[in-house]
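One structure below.
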Amino acid sequence: MGYASDEPFKGVFIDELASDEKTSVMAAPGATSLFGYDKDGKYVAGGFGRVKFDRKNNVAVVSISKKAKWSDGKPVTSRDAAYAYEIQANKDSNSLYYNEMLENIEGVKEYHAGKAGKITGLEEKDSKHLLIHLKKLTPAAEYAGSGYLLNVAYSYHYLKDVLFAKLAQSDKVRKHPMFFGPYKVKKIVPGEAIEWVPNKYYGGPKPKLAKIITEIVPLSQVATAMKAGKYDVLLNTSSATYNKIKNDKKLVTLGNLGIEITYLGFKVGYTDKDGKSVMDASLPTSELALRQAMAYAMNVDTITKKFGRGVTKYANTLLSPAYGGYHDKNVQPYSFDLKKANRLFR
């Protein structure tokens, strides 16, 4: 498999400490989510773990399957699931992803500040059950990627002797990472390639490939390499690369509609000392007509069609169509209309 990029992957195989998407994508043969989720992103049964919600008591109940095993044969436990929260919340880890959603768990804020030695809201009932006590149970907590719950686990038995401050640079994370997915790491060429072999302890269907090699391929070489059959799979296909290889009959385009959007934003105020947003009426951008006029003055649809080359879509709402039933396809986006823009704001 080739990953199209002119930059090496950074190789920190803990998502909570990683600063590049490449590493996470290239780790796919070994990494796997703890929970299953449906087409709308809502947690459902089907993963190596399951989460249920006790609304009355604001508790998320995590159960881990007996089939979940690390590549050294040790079982995945509630300690491993709790450890993921500790990695993200510990101030010595310097995680880029510590946020207010995580602080919705009881005791996280105190743990992050160094005022507590553990996160009081994480209750390990036994080796397979973790209770997560929340300050409030929001609807978003039931969806993957919302930030309220972590959909991962890390091998505490393997990493517990590594200080949080040294975790991101540890050989156990960068050179010999451990996963509970279908494949395990055989060899890593830092920044360049990863070789995978089957994880014999994997609790799911038996892996069908004897070996997988994932490597970085420069953008200038991608199209030629694919046409020559050098790679069976190409990851991170750009619109420019897609345009060069889309008509090659040997290749099949696969993938899912993304959830990311690009948008025009306006500064309309500031954040006060308490962290609250305050509108500033003195700013020119505070005028609604100006913002609407700029939206109508941009020919986004034509630009999308010309430079998106068929792999980008003109967004009509903040929610991607990838969210299925939550996306309203009937909402009309701001279409290019220069006359209307001039009428709104002169």
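Quick notes on this structure:
- Checked against (1) open to solvent by 60 Å² or more (accessible area, probe 1.4 Å); (2) under 30 Å from Glu142 (Cβ atoms); (3) among the hydroxyl-bearing types (Ser, Thr, Tyr), Tyr334 passes all but condition (2).
- Of the listed requirements (1) over 25 Å from the mean Cα position of the chain (by Cα); (2) in contact (Cβ under 8 Å) with a residue 60 or more places away in the chain; (3) at positive phi, Asn236 misses just one: (1).
- Top-ranked residue of region 324-346 - restricted to ones that are modelled with pLDDT under 90 and part of a helix (DSSP H, G or I), ranked as farthest from Thr262 (Cα to Cα): Gly325
Here's the yes/no breakdown for (1) modelled with pLDDT of 90 or more; (2) open to solvent by less than 50 Å² (accessible area, probe 1.4 Å); (3) within 27 Å of the chain's Cα centre (by Cα); (4) under 26 Å from Glu100 (Cβ atoms):
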| residue | (1), (2), (3), (4) |
| --- | --- |
| Gly255 | no, no, yes, no |
| Asp274 | no, no, no, yes |
| Ala281 | yes, no, no, no |
| Glu287 | yes, no, no, no |
| Leu290 | yes, yes, no, no |
| Thr312 | no, no, yes, no |
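- Residue match in region 22-35 (condition: under 21 Å from His129 (Cβ atoms), polar (S, T, N, Q) and part of a loop (DSSP other than H, G, I, E, B)): yes
- Residue within region 160-168 that is open to solvent by less than 30 Å² (accessible area, probe 1.4 Å) and closer than 30 Å to Asp6 by Cα present: yes
- Here region 12-44 is the region considered, the condition is being out of contact with any Asp or Glu (no Cβ under 9 Å at 6 or more places or on another chain) and under 21 Å from Val233 (Cβ atoms), and the residue that is most open to solvent (accessible area, probe 1.4 Å) is Glu21.
- For region 120-158, a residue qualifies if it is β-branched (Val, Ile, Thr) and free of Cβ contacts under 8 Å to residues at least 40 places away in the same chain, and the qualifying residues are Thr120, Thr138.
- In the condition set (1) in a loop (DSSP other than H, G, I, E, B); (2) aromatic (Phe, Trp, Tyr); (3) open to solvent by 20 Å² or more (accessible area, probe 1.4 Å), Phe9 is compliant with all but (3).
- Those residues of region 87-145 which are open to solvent by less than 80 Å² (accessible area, probe 1.4 Å) and of a type in the set (Phe, Trp, Tyr), in sequence order: Tyr98, Tyr111, Tyr143
- Identity of the residue in region 277-323, polar (S, T, N, Q) and assigned to a loop (DSSP other than H, G, I, E, B), that ends up nearest to Phe266 (Cα to Cα): Ser282
- Candidate set: region 72-86, residues that are touching a Ser or Thr at 6+ places or on another chain (Cβ under 9 Å) and assigned to a loop (DSSP other than H, G, I, E, B); chosen: the one most open to solvent (accessible area, probe 1.4 Å): Lys74
- When the criteria are applied in full, Phe164 fails the requirement of being under 19 Å from the mean Cα position of the chain (by Cα) and of a type in the set (A, V, I, L, M, F, W, C).
- First in region 309-325 and within 19 Å of Ala295 (Cβ to Cβ), second anywhere and acidic (Asp, Glu) and not in a loop (DSSP other than H, G, I, E, B), Cβ under 8 Å, 6 or more apart: Tyr314/Asp301
- Filter result (buried (at least 16 other Cβ atoms within 10 Å of the Cβ) and aliphatic (A, V, I, L, M)) within region 45-60: Val51, Val59, Ala60
The values are calculated or read from the model by the stated rules, or taken from the named source; none is laboratory data. Model, not experiment: these values are computed from the prediction. Here the Cβ is made from the backbone with ideal geometry for all residues, glycine too, and neighbour counts use every protein chain on show. Ligands, DNA and RNA are stripped out before the accessible areas are found, and what is left, the full protein with its side chains, is counted by its heavy atoms. Shrake-Rupley method; radii C 1.70, N 1.55, O 1.52, S 1.80 Å.
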